[in-house]
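Reviewing the structure listed below.
Laboratory data are not the source of any read-out in this text; all were calculated from the coordinates shown. Computed from a predicted model, the values in this text were never measured in an experiment. With ideal geometry, Cβ positions are generated from the backbone for all residues, glycine too; neighbour counts draw on all protein chains shown.
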Amino acid sequence: MDFASAQVIGAGLAAIGVGAAAIGVGNVFGSFLESALRNPAAADGQQGRLFIGFAAAELLGLIAFAVAMIILYAR
Amino acid sequence: MAEAGKIDPMHQFTVEPIVPLHIGGYDISFTNSSLWLFIALALLMGFFMLGSKRELVPGRWQMAAEGVTGFVDNMVKVNIGPEGKKFMPYIFSLFTFILVANFLGLFPLAIIPGLHQFTTTSHFSITGVLAVLSFSMVLIVGFWRHKLHFFSLFVPHGTPIVMVPLIFLVELLSFMVRPFSLGLRLFVAMIAGHILMEVFGSFIVSGLSGGPIGWGVSALSFLFIIFVTLLELLVCAIQAYVFALLTTLYLNDAINLH
């Protein structure tokens, strides 16, 4: 296998991590909605934590994207 | 990117000098990056000058400016407490500046020929500086208020003695990674969105010359890009909010310890 094809395959594999982060972000918002509908009075106070959880989950997906880009444009 | 044809999705991020300026071997040219930073600054200043005339009956601009100020003020109050009042200007500048810079990058100005706007927050040199600013503020405030007690931040209450060295190392590591994660999140989110939009924009253009199937691809890409643009507007706001929120949380750690 030559370098260019290995590079593209590697970038594609690294992009799987973005999908995994999508599951994480969906989980964060899904769980928030589920519990917010059970106790709507407490929901507004937890928005800060919601976004912290979202940021933490999203960061890992963004890192996967950065890794894919680094692999794709490596010389 | 051999597949994308002539359209290079990374080209939009190139920094080009507008007024070349070299002093003592350093390149300090006035670039398109600096130009768009200044435009963001000018827009912000204009908005808040219009909005802070202190009228007794607030007009539209003042209501908008007060809304933004109240939002940030509330966030700082909830997360830090009454002592956060003096950090409110910094958080406010961070939030509004990142928000305006993000939105400027999405503005469809490129339909005017020859005008290419530049997303300043899509470069780690700018988000990284903002993140280091926040991080050094946390360090200075922490050591100023608590002297060497600041290190107790790394040992949560009720940790068993045996576990202290290990927990200390883990907490220290997670503390040191903060500036990187803060800067990286904003810059990668911006880059990813803009590359996505550019790639699907190129699908629309190259699909037009591909017969009926190509037209189908074009139409689908067009619908998709509308969706992505809306998503990107959301992401811009969320990233600015998350940056400001995380800065307040880190400051809260430094002010109130645990």
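Each Lys and Arg Cβ is given +1 and each Asp and Glu Cβ -1; about its Cα centre, segment B:11-256 then shows a dipole of about 560 debye. Working from Cα positions, state the angle (0 to 90°, nearest 10) between the long axis of helix B:32-51 and the longest principal axis of chain B. It works out to around 70 degrees. Take the Kirkwood radius over Cα pairs of segment B:56-136, plug it into Stokes-Einstein at 20 °C and 1.002 mPa s, and you get 143 µm²/s for translational diffusion.
Residues whose amide H lies under 5 Å from that of B:F30, counting only those 5 or more places away or on a different chain, are B:I18, B:V19, B:L21; hydrogens are built 1.01 Å from N in the peptide plane. A compact globular protein would have a Cα radius of gyration near 2.2 N^0.38 Å; the ratio found for the protein assembly as shown is 1.13.
The alpha carbons of chain B give a radius of gyration and a Dmax of 22.5, 72 Å, in that order.
Look at the dipole of chain B built from charges on Cβ: of B:L184, B:G201, B:F118, the Cα furthest out on the positive end belongs to B:L184.
Mean partner shielding of peptide B:240-253, defined as the number of other chain Cβ atoms within 10 Å of each residue Cβ, is 2.
What is the helix-to-structure angle for B:88-106, meaning the angle in degrees between its Cα long axis and the longest Cα principal axis of chain B, kept from 0 to 90 and rounded to the nearest 10? The angle comes out at about 10 degrees.
Computed about its Cα centre, the charge dipole of segment B:54-194 is approximately 180 debye, with only Lys, Arg, Asp and Glu carrying charge at their Cβ. Relative contact order of chain B: 22 percent, from C-alpha pairs under 8 Å at least 6 residues apart in sequence. Based on DSSP H segments of at least four residues, each scored -39500 (n - 2.57), chain A has a per-residue ellipticity at 222 nm of -29000 deg cm²/dmol.
Ordered by the number of other Cβ atoms lying within 10 Å of each residue's own Cβ, fewest first, B:E171, B:E16 fall into the sequence B:E16, B:E171.
Computed from Cα atoms, the angle from the helix B:60-80 axis to the main principal axis of chain B rounds to 40 degrees. Rounded to the nearest 20 debye, the dipole magnitude of the protein assembly as shown is 740 debye, with +1 charges on Lys and Arg beta carbons, -1 on Asp and Glu beta carbons, and the Cα centre as origin. By the helix-only formula, in which each DSSP H run with n ≥ 4 contributes -39500 (n - 2.57) and the sum is divided by residues, chain B has a 222 nm mean residue ellipticity of -24000 deg cm²/dmol.
With only Cα atoms counted, segment A:3-72 has Rg and Dmax values of 16.4, 57 Å.
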